[in-house]
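What follows is one structure encoded as structure tokens, with my remarks underneath.
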Amino acid sequence: MSVNPYPLGLRLAGRRVVVVGGGVVATRRVPALLDAGADVLLVAPEVSPALRAHADAGRLRWLPRRFDSGDLDGAWLVHVAVDDPTAAASVSAVAAEHRIFCVRADDREAASAWTPAVTRHGPVTVAVLGGGDPHRAMTVRDAIRPLLHARKGPLLTDSVEEGSLVNTPAGGTGRGGRVALVGAGPGDPELITVKGWRLLTEADVVVADRLVPGLLLDELRTGVELVDASKIPYGPSRAQEEINQILVDRALAGASVVRLKGGDPYVFGRGGEELLACAAAGVPVTVVPGVTSSTAAPAAAGIPVTHRAVAHEFTVVSGHVAPDSPASLVRWDALARLRGTLVILMGLKNLSAITGALIEHGRPADTPAAVVQEATTGAQRIVRSTLVEVAAEVAGAGLRPPAVVVVGDVVTALNPLDLLGPETR
Ligand code: SAH
């Protein structure tokens, strides 16, 4: 009968861990060791490309040879990840002699330590040991994982959010308040990042944009204060000041605030202004990037923004200001001379002026062009055309914002495969 193991959390920062073997098992184990800050020494005549990349990047030291008993000098822990039982046993024996715990991939009974099945949720790590049965451990872990992800509230939150971009005066706000500028993705609620989702489910206050997927807000925990930023009256700049004020006030009152923004917070999202406002008020603030519509909307229409031998660049530009307006900061004449992909956001209103300017300055009139409305949502619509015709076709089809315009040969690059969904008009 085997005795129960004793669970521990090893704090490996700066401590030597030796990994013997360079195959699949070592490749899977090493990232968590590096994440824990361990000083990893890898001993194996040959290693996988992923392990070699860690070595090349200086994240670990690799001895390209077989194990030698001196390799365990100074080690706190050893992972044996080789198939050959004799080789593994000899590492085990040296480890036992030095009183170093030894994990063995080949023989759990011969090991002095077991690696648990793990799931992580922010600062919380759940480790499951299955009484010697790794399959049981994984099954239990898999059952726990969704509970953690569904769990809402401050229990799973970092009290000090590491990675805060802005240093606050000693003690910060004193109340633990903070702001996260979170990219919500282009529309499909599943296109938010894991980190963004975690912060959202933990938030006390959510300040959401018009473009934010409604379904995300459906799942907020009860008691969350939801501020709809699109309902704030006044003009755009005054409204932005109001939003900044709400973020700062709530955080100073101790709340975890999520500013949820469509796509990526920094792509025409005024995220920078909100960050500065928080910083000026001494509020800790982080940015969680999002999947931007500038790449996701083309992708949803089967358009890769780059494609080998077709486009080696993509340029993202705002079409909010008309090309002939004195307020325009965009060199449309220069853009017209590029060969690659042009992605235009907020471009519907000025579409005929924009396409006209591009053609006038040299972009061929028959360049493929497409417009994708409400990409990645149930309301997605696509119009495929050419630069010279797209504005009229979009008007005729009644497309409306939010929509992304894509110009370039990539628009038809995947056509031969007929991968694309049905055209909507
Ligand atoms: N930060 C956002 C962009 C904000 S500007 C991002 O990274 O995606 C708003 C513009 O984004 C819209 O006018 C439209 O051009 C584009 N946009 C946002 N979501 C979209 C979607 N689901 N489909 C098409 N265009 C979208």
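Label sites at D249 and A87, each approximated as a point 7 angstrom past Cα along Cα to Cβ, lie 6.6 nm apart. Summarising the strand pairing of region 294-419, around 75 percent of its internal DSSP beta bridges are antiparallel.
FRET efficiency for the pair H320 and I144, taken as 1/(1 + (r/R0)^6) with r the Cβ-Cβ distance and R0 = 56 Å, rounds to 0.75. Farthest towards the positive end of the charge dipole of the chain, among the residues G223, A353, P233, is the Cα of G223, using unit charges on the Cβ of Lys, Arg, Asp and Glu. The angle between the Cα long axis of helix 24-35 and the main principal axis of the chain comes to about 80°, on a 0 to 90 degree scale.
For the chain, with a Gaussian network of springs between Cα atoms less than 10 Å apart, report the residue from L276, L387, L41 with the top mean-square fluctuation. Of L276, L387, L41, the Gaussian network model singles out L41 as fluctuating most. All distinct Cα pairs of the chain go into the 1/r average, and the inverse of that average, the Kirkwood radius, is 25.4 Å. Within a straight-line Cα-Cα reach of under 12 Å, K261 can be paired with the following aspartates and glutamates, leaving aside sequence neighbours fewer than 8 residues apart in one chain: D209, D228, E274. Provide the solvent-accessible area of T377, counting protein heavy atoms only and rolling a 1.4 Å probe, rounded to the nearest 10 Å². T377 exposes around 50 Å² with every protein chain in place. Between A127 and A36, the contour length at 0.36 nm per residue exceeds the alpha carbon distance by 31.3 nm. Remark: accessible surface ordering of V257, V316, V194, V224 (largest first) is V194, V316, V224, V257, probe radius 1.4 Å. Against the longest principal axis of the chain, how steep is helix 134-150, in degrees 0 to 90 to the nearest 10, with axes from Cα atoms? Result, in degrees: 40. Largest accessible area first, the listed residues H361, H312 line up as H312, H361 when surface is computed with a 1.4 Å probe on the assembled protein chains. Rounded to the nearest 20, the Cβ-based charge dipole of region 14-73 about its Cα centre (Lys and Arg +1, Asp and Glu -1) stands at 100 debye.
Taking the Cβ of P401 as the centre, find all other residues whose Cβ is under 13 Å away and add up their charges (Lys, Arg: +1; Asp, Glu: -1). Here the count lands on +3.
Gain in length, I359 to K231, computed as 0.36 nm per residue apart minus the alpha-carbon separation, to one decimal in nm?
Once the chain is fully extended between I359 and K231, it gains 42.2 nm.
Taking the charge dipole of the chain about its Cα centre, with +1 at Lys and Arg Cβ atoms and -1 at Asp and Glu Cβ atoms, the residue from L60, A397, W114 reaching farthest to the positive side is W114. What's the angle, to the nearest 10 degrees (0 to 90), between helix 271-280's Cα axis and the longest principal axis of the chain? Roughly 70 degrees between the two axes. Taking all protein chains as shown and a probe of 1.4 angstrom, K231 keeps an accessible surface of around 150 Å².
By the helix-only formula, in which each DSSP H run with n ≥ 4 contributes -39500 (n - 2.57) and the sum is divided by residues, the chain has a 222 nm mean residue ellipticity of -8500 deg cm²/dmol.
Put a plus charge on the Cβ of each Lys and Arg, a minus charge on the Cβ of each Asp and Glu, and nothing anywhere else: the dipole of region 16-115 about its Cα centre is then about 240 debye. Classify region 289-336: rounded, prolate or oblate, from the alpha-carbon gyration tensor (a ≥ b ≥ c, eigenvalue square roots; a/c under 1.5 rounded; otherwise prolate if a/b is larger than b/c)? Since a/c reaches 1.5 but b/c is at least a/b, the shape of region 289-336 is classed as oblate.
Cα centroids of region 334-383 and region 72-91: 59 Å apart.
F268 sits with roughly 100 Å² accessible to a 1.4 Å probe, with DNA, RNA and ligands left out of the calculation. Ordered by solvent-accessible area of protein heavy atoms (1.4 Å probe), largest first, the residues D204, D71 come out as D204, D71.
Out of G177, G74, G132, any idea which swings most in a Gaussian network model of the chain, alpha carbons joined below 10 Å? Checking each option, the largest mean-square fluctuation is seen for G74.
Counted residue by residue at 0.36 nm each, then reduced by the alpha carbon distance between them, the extension gain from V3 to R65 reaches 18.7 nm.
The values are calculated or read from the model by the stated rules, or taken from the named source; none is laboratory data. The model shown is predicted, which means the values in this text are computed figures rather than measured ones. With ideal geometry, Cβ positions are generated from the backbone for all residues, glycine too; neighbour counts draw on all protein chains shown. For accessibility, only protein heavy atoms count, side chains too; no ligands or nucleic acids. Shrake-Rupley method; radii C 1.70, N 1.55, O 1.52, S 1.80 Å.
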